[in-house]
Amino acid sequence: MGWFQSRKRQEREHAAALYGAAAAAARHPQLYEEYGVDDTVDGRFEMLSLHLFAVVHRLTFGPDPDPELARLTTEAFVVDMDATYRDIGVSDRRIPKRMKTLFSSYGGRLGAYGSALSAGGDALEGAIARNIFGEESDSNASRRLADYLRALLAWLDNVPSAALQEGRIVFPDPISLAAENS
């Protein structure tokens, strides 16, 4: 029984490291300075959702799928957001409602980006425009960010499964990644 618990704890730690890598990538200044994403709480949530989508998509549909690691990585996101709400002083009574709203928004992004990738064409640009840029949508910014996401997905497909399973990845900077895939 102890071995199983130790293995499960280790899997959660690796998923938390994978989530941490995605969260660090979502804070990259180039996303806000070069890609035009608003450097606000909402903009940062959108970038976190975009990077988590890429990781979860890779773990679900990429080479050597690992849906359990995808689930644990999403769970690490939920744990982190719960702790963040508590840190900023959201009351225990309000946290479940905030978490439900947050997770619903995150799930909506996963669905929108996944459907858009399946649809092909300009669907991904449209999903990004709606979710990230809203009414102030700039088609060039949406296209550039969609190209970045496509490049990120291709990059993740080339990351060895063992590195993902151990949470050992460092995302490339957005401009270099996009330039390599142009």
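The values are calculated or read from the model by the stated rules, or taken from the named source; none is laboratory data. Everything quoted here is computed from the prediction, not taken from an experiment. Heads up, the Cβs are rebuilt from the backbone with ideal geometry, glycines too, and the neighbour counts pull from every protein chain shown.
The numbered conditions (1) outside any helix (DSSP H, G or I); (2) modelled with pLDDT under 90; (3) surrounded by 13 or more Cβ atoms within 10 Å (Cβ to Cβ) are all true for SER182 except (3). All conditions but one from (1) assigned to a helix (DSSP H, G or I); (2) surrounded by 15 or more Cβ atoms within 10 Å (Cβ to Cβ); (3) of a type in the set (Val, Ile, Thr) apply to THR84; the one that does not is (2). Being within 12 Å of the chain's Cα centre (by Cα) and modelled with pLDDT under 95 holds for only one residue in PHE103, PHE53, PHE4, PHE45, and it is PHE45. Cβ-Cβ distance below 6 Å, separation of 6 or more or different chains: which pairs start in segment 121-150 with a residue that is in contact (Cβ under 8 Å) with a residue 12 or more places away in the chain and end on one that is part of a helix (DSSP H, G or I) and surrounded by fewer than 18 Cβ atoms within 10 Å (Cβ to Cβ)? The qualifying pairs are GLU125/ARG143.
Each residue in segment 50-75 was checked for being touching a residue at least 12 places away in the same chain (Cβ under 8 Å) and in a loop (DSSP other than H, G, I, E, B), and 4 of them qualify.
For (1) surrounded by fewer than 17 Cβ atoms within 10 Å (Cβ to Cβ); (2) part of a helix (DSSP H, G or I); (3) of a type in the set (Asp, Glu), each residue gets a yes or a no:
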site: SER6; (1), (2), (3): yes, yes, no
site: GLN30; (1), (2), (3): yes, yes, no
site: TYR35; (1), (2), (3): no, no, no
site: ASP39; (1), (2), (3): yes, no, yes
site: ARG44; (1), (2), (3): no, yes, no
site: LEU48; (1), (2), (3): no, yes, no
